[in-house]
Amino acid sequence: MYGCEIMKLLFFDCEFASVRKRNYKICEFGYFLYNDKFEEIESNNFIIDPNIGYGDWDDNVLREVLTHGVDSYELGYNFNYYYNKIKSLIEGVDLIFGHTLDSDINALKCECVRYHKENIDFEYYEIKDIYNHYLNLNYSVGLKTMLENLKIENTRVAHDASNDAYDTMLVLKHFADEKGIDLILKECEDAKHNSLFETSISYSNKTIKEVIDYLNSETKEKRISKGKLNLVTNLYIRKMPISDVGKLLGKKISLSVNYAKSNITKAMNLAKIIASEGGTYFMKATSCDIFINYEYYNKDNEVISDSRLEAVKKCGKDIKIVSFNEFLNYLGITEDDLAKQKIEADFLYLEEEQKNSENLGELFGDFFKNFQSVK
């Protein structure tokens with residue numbers, strides 16, 4: 001995948017002084033930077049002043065998690081000071097790995113908003129997804145348990161956020177020693193995530209609608225990156241209202257990436273139809289109820305199935321595997337039907353209107369409520 005070039009691998013972890021109302025305040029950013037031979041390039045743990053009052057600290061975190069006292073953090077620099085270093089670290093590497101990084105990403109987003117900084121957007125690999133793929137698990141496992149199960153000894157003393165980053169490296173190295181980085185990335189596509197998709201501080205409905213208008217337009221003059229397109233697709237699906245009746249009521253359906261990646265508009269239309277039948281278009285294949293496998297022929301006339309098919313078969317769940325055409329037949333539609341439809345986004349406009357009404361209600365209280373009731 002990456003040929004003979006030397007890659008840089010970043011492993012990082014954050015600790016938080018407070019997460020009240022999902023508003024994260026970072027007090028540690030620990031990281032290890034390695035090359036693809038797992039030779040250390042640099043490491044550090046930034047002790048960060050969260051810039052909050054003493055009463056705002058999370059008592060449980062102070063007692064059970066953090067290994068420094070409040071004074072140590074408050075004597076440090078705040079996130080604004082470390083922003084450029086963190087941003088250059090993330091943007092200067094080839095691959096990023098972490099354990100349950102969704103919280104860390106939300107924290108980075110919150111701090112960027114607080115200090116009026118540009119968001120640090122990136123793609124990364126979740127180590128628990130890689131671990132689950134190779135051990136055929138479908139539940140979350142902590143890093144300590146991973147090391148114990150894989151019989152990996154960590155000789156470092158756990159004193160700060162960088163230790164979780166180091167443990168993440170050890171787990172990846174365990175699999176990489178056997179398979180190599182390239183094969184891991186190929187076999188564990190589900191482990192790859194986009195930081196924008198993992199956070200609630202994300203693109204607005206306006207941005208999503210702009211992209212959908214672009215996809216629906218007949219003239220394709222504008223350009224759009226694959227990263228932004230994937231993000232908008234995911235957000236569109238996440239916001240989609242699910243019917244409480246239909247053939248797929250309560251079912252999670254995952255569509256082969258073989259089809260979705262090359263037929264984005266059709267895939268989004270199919271997601272809407274699935275929602276109208278009470279089902280949920282689900283990204284993670286090993287957590288679905290129905291997996292739609294799409295096969296095609298490569299240049300050597302070989303049949304290619306979805307790369308996640310084996311993981312679906314081995315995950316231990318009772319997942320029904322159907323072909324793409326079988327699924328369309330079940331719904332009573334054809335691929336031409338998917339191609340003819342424009343992507344529907346009316347629910348995004350309704351959500352925006354509802355949000356605006358709620359905001360006005362907060363501003364004007366009972367007056368606005370009475371005004372709304374006037375016929």
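So for segment 68-149, what are the equivalent ellipsoid semi-axes in whole Å, largest first, each being the square root of 5 times an eigenvalue of the Cα gyration tensor?
Rounded to whole Å, the semi-axes are 29, 17, 11.
For a distance above 22 Å, tell me the whole-number percent of Cα pairs in segment 112-196 that qualify.
Result: 35 percent of Cα pairs exceed 22 Å.
Tell me the per residue accessible area of segment 51-160 using a 1.4 Å probe; a whole number in Å² is fine.
Solvent-accessible surface per residue comes out at 53 Å².
Which value in nm describes the separation of the simple spin-label points at Asn44 and Asp177, placed 7 Å from the Cα toward the beta carbon?
Those two pseudo-labels are separated by 3.0 nm.
May I ask you to give the solvent-accessible area per residue for segment 253-335, in square angstrom, as obtained with a 1.4 angstrom probe?
Here the residues of segment 253-335 average 48 Å² of exposed surface.
Round to a whole number: what % of the accessible area of segment 3-157 belongs to carbon and sulfur, probe 1.4 Å?
44
Once the other residues with Cβ under 14 Å from the Cβ of Asp289 are scored (Lys, Arg +1; Asp, Glu -1), what is the net sum?
Surrounding charge for Asp289 is +4.
In segment 32-107, how does Rg compare with the Kirkwood Rh, expressed as the Rg/Rh ratio over alpha carbon atoms?
With Rg and the Kirkwood Rh in hand, the quotient comes to 1.01.
Could you please report the charge total around Asn23, scoring K, R as +1 and D, E as -1 over all other residues with beta-carbon less than 13 angstrom from its beta-carbon?
Combined, the nearby Lys, Arg, Asp and Glu give +3.
Using θ = phi - 60° and the Karplus curve 6.51 cos²θ - 1.76 cosθ + 1.60, what whole-Hz ³J(HN,Hα) does each residue of segment 258-269 get, with Gly and Pro shown as x?
Values per residue, Gly and Pro as x: 4, 8, 4, 5, 9, 9, 4, 5, 5, 5, 5, 5 Hz.
Can you list, largest first and rounded to whole Å, the semi-axes you get for segment 57-214 by taking the square root of 5 times each eigenvalue of its Cα gyration tensor?
Semi-axis lengths for segment 57-214 are 27, 25, 14 Å.
Any chance you could list P(r) for segment 1-59, counting all Cα-Cα pairs in 10 angstrom bins from zero, rounded to whole %?
With 10 Å bins starting at 0, P(r) equals 21, 34, 22, 17, 6, 0.
In the calculated pair distance distribution of segment 1-136, what percentage of Cα-Cα distances lie above 17 Å?
For segment 1-136, the fraction of Cα-Cα distances above 17 Å is 62 percent.
Considering only protein heavy atoms and a 1.4 Å probe, what is the carbon-and-sulfur percentage of the accessible area of segment 244-289?
Within segment 244-289, the accessible surface is 55 percent carbon and sulfur.
The values are calculated or read from the model by the stated rules, or taken from the named source; none is laboratory data. As the structure is a computational prediction, the values presented were derived from the model and not from experiment. Neighbour counts run over all protein chains shown; Cβ positions are idealised from the backbone, glycine included. We work out accessible area using only protein heavy atoms, side chains counted, and drop any ligands, DNA or RNA first. Shrake-Rupley method; radii C 1.70, N 1.55, O 1.52, S 1.80 Å.
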